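No lab work stands behind these numbers, since they all come straight from the coordinates. Please read all numbers here as calculations on a predicted model, not as lab measurements. We place every Cβ from the backbone using ideal geometry, glycine too, and count neighbours over all the protein chains shown.
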Amino acid sequence: MNYQESLAYLDELSTFGTKLGLSRIKKLVGYLDNPQLHYKTIHVTGTNGKGSVSSMLSSILTMSNIKTGLYISPHLVSYTERIQIDGCPITEEAFADCISAVKTFVDKMVSEGEESPTQFEVITAAAFLYFAINKVEYAVIEVGLGGLLDSTNVIKPEICVITNVTFEHAALCGGTLEGVAKHKAGIIKEGVPVVTAAKGIALDIISQTAEEKSADIFIANSDFFASYVTFDGQYQYLRFVSELAGINFDYKLKMLGDHQIENSSLAIMTAGILTNSDERINKQNIIDGLAVAKWPARFEPFIIDGQSYIVDGAHNPAGMKIFRENLDKYYPEGKRVILLGILKDKDIDAMLDYLLRDDDEIVITTPDSERKASPEYIAEKIKNHHVELFDNMYEALNAAKSLANKEKLLCITGSLYLTGELRYALVNELKKVE
């Protein structure tokens, strides 16, 4: 298969939807000689922040001169973004080759009367294979959904990271916050250290699971801390302290937001634990790695031809709450235009409650997903605001620019499917201006 054929094949697999369970992926990677066991791994889950933490860890390891794989989801524009080595996405040709190799054994499973692996399982197996072929030393693996029954949960990690736990995907994870927490805690392995920023009942469940697995646990804001120092318009300057690990230093981060302060503390603590077994991972490489770490469409600022933008992929209530808090912190003055698109299976009411100020002007459009909520459906939930509706996201972007008129902050948010596409358009526009 070439790249376009591999995308068509993955699109066919999407008809199987989301199916939690490990039987299919275990069979699939078994045919591939379990490539995920050929290198060291770090497993990262959580409701929010797992992508940011994964990116930070990958940057730290790469800066430590360690060949590092990174597996993330979903992508913003291209499937190749999901599979990276040392910050470089897989080529389209290599992606197609790995998907083709995996497909051989998917076809074998189906011909033998077994259930077909899902799209995510096929991409996961392809990522594992790609990292093994290219002989990475470490791979940072982000969980797709939950943890316990997620197809990434066939690795044997050096460290497990659980960023936080809020009420999302509950229908697939037990129907309660406790059920979600148990699924997140499902990545914990016997004797493998756990780093977490979970709180409350979720932390209780994670701590109990760690105790049952004889796994040391390191808890944010208890065993280690990160705090805000200042902001220079580009970087936020932060301080990390852990008396437990004997670490205390200042660092800078281009990824903005209070949530990134906590996320970076998780990455530092994780890297600090790894220093015990790998001397290449030291304080300076941690500092340098964080300084260049990036995570597109996560409170990402743009200024193009005098118009200020913030692009943020907040796609659930917890993420939207953080987005609003950061808007109020970094841009406390001035009016805003909100360009919004949300998937219909999200808690739209809660997201809007967190996001909107009384004087916001709103443009609603549709993300590029079959799960999109119609602009009309979202608009019905918004009262006493100026609202404009567009089915085409690029028409919506032009309308939002007109409303902002280089005088108001233009915020693009609600779904990674929307922010990914429009971020790509902004990047191209920025290149033309420069």
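Numerical summary
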quantity	calculated
Protection proxy ranking of 309-319, 380-390, 22-32, 262-272 - average other beta-carbon atoms within 10 Å, highest first	262-272, 309-319, 22-32, 380-390
Residue-averaged [θ]222 nm for the chain, counting only DSSP H segments that reach four residues, each worth -39500 (n - 2.57)	-12500 deg cm²/dmol
Phi to ³J(HN,Hα) by Karplus 6.51 cos²θ - 1.76 cosθ + 1.60 over the stretch 144-154, Hz, x for Gly, Pro	x, 8, x, x, 3, 10, 6, 5, 6, 7, 10
Mean shadow area of the stretch 1-140 over all directions, Cα convex hull, nm²	8.1
Under 17 Å, Cα to Cα: Lys pairs in the stretch 338-401, sequence gap 8 or more or different chains	5
Anisotropy class of the stretch 15-79 from Cα gyration tensor, a/c 1.5 cut	oblate
Amide H contacts of Glu388 (H built 1.01 Å from N, under 5 Å, at least 5 apart or other chain)	Ile362, Val363, Ile364
Net lengthening on full extension, Glu333/Val292 (0.36 nm per residue, minus Cα-Cα)	11.9 nm
Centre separation in Å (Cα based) which lies between the stretch 64-91 and the stretch 338-354	29
Projected label distance in nm at Asp305 and Asp232, using a 7 Å step from Cα toward the beta-carbon	3.1
Segments 190-199, 246-255 sorted - mean Cβ within 10 Å per residue, highest first	190-199, 246-255
Percentage relative contact order, the chain, counting C-alpha pairs under 8 Å, at least six apart	15
Amide H contacts of Phe231 (H built 1.01 Å from N, under 5 Å, at least 5 apart or other chain)	Tyr237
Label-point gap, in nm, between Lys283 and Val241 - each point 7 angstrom along Cα→Cβ	1.5
Dmax and Rg, reported as Rg then Dmax, of the stretch 69-186 (C-alpha, Å)	15.4, 43
Full-stretch length increase - Lys19, Glu93 - with 0.36 nm per residue and alpha-carbon distance subtracted	23.8 nm
Whether the stretch 341-412 is rounded, prolate or oblate, judged on the alpha carbon gyration tensor where a/c under 1.5 counts as rounded	oblate
The stretch 149-264 - share of DSSP beta bridges that are antiparallel (%, nearest 5)	65
Tensor-based shape of the stretch 305-434 (alpha-carbon gyration tensor, a/c under 1.5 rounded, otherwise prolate or oblate)	rounded
Net charge contributed by nearby residues that have their C-beta within less than 12 Å of Val229 (K/R +1, D/E -1)	0
Cα extents of the stretch 214-280 along the three principal axes, largest first (Å)	43, 26, 17
3J(HN,Hα) from dihedral phi, the stretch 241-250, Karplus parametrisation 6.51/-1.76/1.60, rounded to Hz, x for glycine, proline	9, 9, 5, 4, 8, x, 10, 7, 7, 9
